[in-house]
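See below for the structure under consideration.
The values are calculated or read from the model by the stated rules, or taken from the named source; none is laboratory data. For clarity, every value in this text was computed on a predicted model and none was experimentally measured. Every residue, glycine among them, receives a Cβ derived from its backbone with ideal geometry; neighbour counts consider all protein chains shown. Heads up: the accessible areas ignore ligands, DNA and RNA and are worked out on the full protein's heavy atoms, side chains in. Shrake-Rupley method; radii C 1.70, N 1.55, O 1.52, S 1.80 Å.
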Amino acid sequence: MSSPKIGFIGYGAMAQRMGANLRKAGYPVVAFAPSGGKDETEMLPSPRAIAEAAEIIIFCVPNDAAENESLHGENGALAALTPGKLVLDTSTVSPDQADAFARLAVEHGFSLLDAPMSGSTPEAESGDLVMLVGGDEATIKRAQPILDVIGKLTIHAGPAGSAARLKLVVNGVMGATLNIIAEGVSYGLAAGLDRDVVFETLQQVAVVSPHHKRKLKMGQNREFPSQFPTRLMSKDMGLLLDAGRKVCAFMPGMAVADQALALSNRLHANEDYSALIGAMEHSVANLPHK
C-alpha cells in the first residue's frame, strides 16, 4: 500500500527538514513556498494546488496573517480542503486563530490537528521534535505515523486549540529564560568577571537547559546562526501576552522578556533569538550596538 502524499504550505527552514525526513520514510512530498527555501521537493504554485494534490496537508507558516492568506487568499487552500483531507497545523499562531481554523474544519468536514512543534532546526533535522497536538483521539491516531517521523514524542494537549495555547507556554518559558540568562551574563561582565569563565560556567551548571546552553555557546562565540530567528520569538512572546491578557494571567517576567526581545528584534530580526545575549553584552561594555 503506497504512502499518502503530503503537502506543505510554507516550506521554510523547519518544514524543509520535516519534509526531508518524511521523504526518507517513503512519503511523497510536495510543497508551496511563497518565501521559504526550496530543495528537491516538487514545488506547486499555490496553497490550493497543495490541498488538491495531497491527502495530508501540513501548514508551517510564520503567523496568523500568513495562515489566513494561505487559507482564504487567491488560490487559497480552503476551497480544496474537502472531507477526507487531514490537516496538521504546525504553525505557531494565536489561540483565536487556532479556534477559527477548528471551526472551518467542522464547517467543511476535513480533519484538523493544531500541531505546533517544540524544537529548533537541529531537532527538526534529526526528527527529535516534541509535537504538541490538539484535537480528538481518532484524528491523532490517523496522524500518528506522520508525527512519529518528524518528532520523538507526541503530547496530546487536549481538544482543538489546546496545543496552540500550550505552545505559547513553552515558548514563553524559553524566551523569558533566555532573557534571564542574558541578564546574568550582563551582570557578570559588568562586575569584571572573566568573559570565558562566565559563559563556560553557565554551560556546565544543571540549572541551564541544553537548549539554552546552545544559546550561550552562540553568545560566547558572538555568532548567532538562525536556529530560531528573533522575529519569530518576538512574535510568539507578543501572542502570549495578548492571550494572557484575555484570561487575566499574571506574567510580569514574560512581559519584561517580551520587551527585551522586541528591542533586540529591531537589529537582529533574522539572527537567532540568542542575539539578545550579544545585545546585552554590548550594552554593559558601552560599545556600539551592532
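So that you can scan it fast, the table gives a plain yes or no per residue for (1) in contact with an Asp or Glu (Cβ under 9 Å, 6 or more places away or on another chain); (2) within 17 Å of N68 (Cα to Cα); (3) part of a loop (DSSP other than H, G, I, E, B); (4) in contact (Cβ under 8 Å) with a residue 40 or more places away in the chain:
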| site | (1), (2), (3), (4) |
| --- | --- |
| R103 | no, yes, no, no |
| E107 | no, yes, no, no |
| L113 | yes, yes, no, yes |
| E125 | no, no, no, yes |
| A138 | no, no, no, no |
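Could you grab me the full set of residues in the range 81-97 that are more than 11 Å from the chain's Cα centre (by Cα) and either open to solvent by 10 Å² or more (accessible area, probe 1.4 Å) or at pLDDT below 95 (or both)?
T82, P83, G84, K85, S94, P95, D96, Q97
Working carefully through the options M254, M218, find the one that is in a helix (DSSP H, G or I), buried (at least 17 other Cβ atoms within 10 Å of the Cβ), of a type outside the set (K, R) and in contact with a Pro (Cβ under 8 Å, 6 or more places away or on another chain).
M218
Mind listing just one residue for me: the one in the range 259-279 that is open to solvent by less than 30 Å² (accessible area, probe 1.4 Å) and among the polar types (S, T, N, Q) and, of those, farthest from the chain's Cα centre (by Cα)?
Residue satisfying both the conditions and the ranking: S264.
Of the residues that sit in the range 1-15 and are under 30 Å from P225 (Cβ atoms) and of a type in the set (A, V, I, L, M), which one is farthest from the chain's Cα centre (by Cα)?
Once the filter is applied, the top-ranked residue is I6.
Only one of (1) surrounded by 15 or more Cβ atoms within 10 Å (Cβ to Cβ); (2) part of a strand (DSSP E or B); (3) of a type outside the set (D, E) fails for L153. Which number is that?
Against the list (1) surrounded by 15 or more Cβ atoms within 10 Å (Cβ to Cβ); (2) part of a strand (DSSP E or B); (3) of a type outside the set (D, E), L153 comes up short only on (1).
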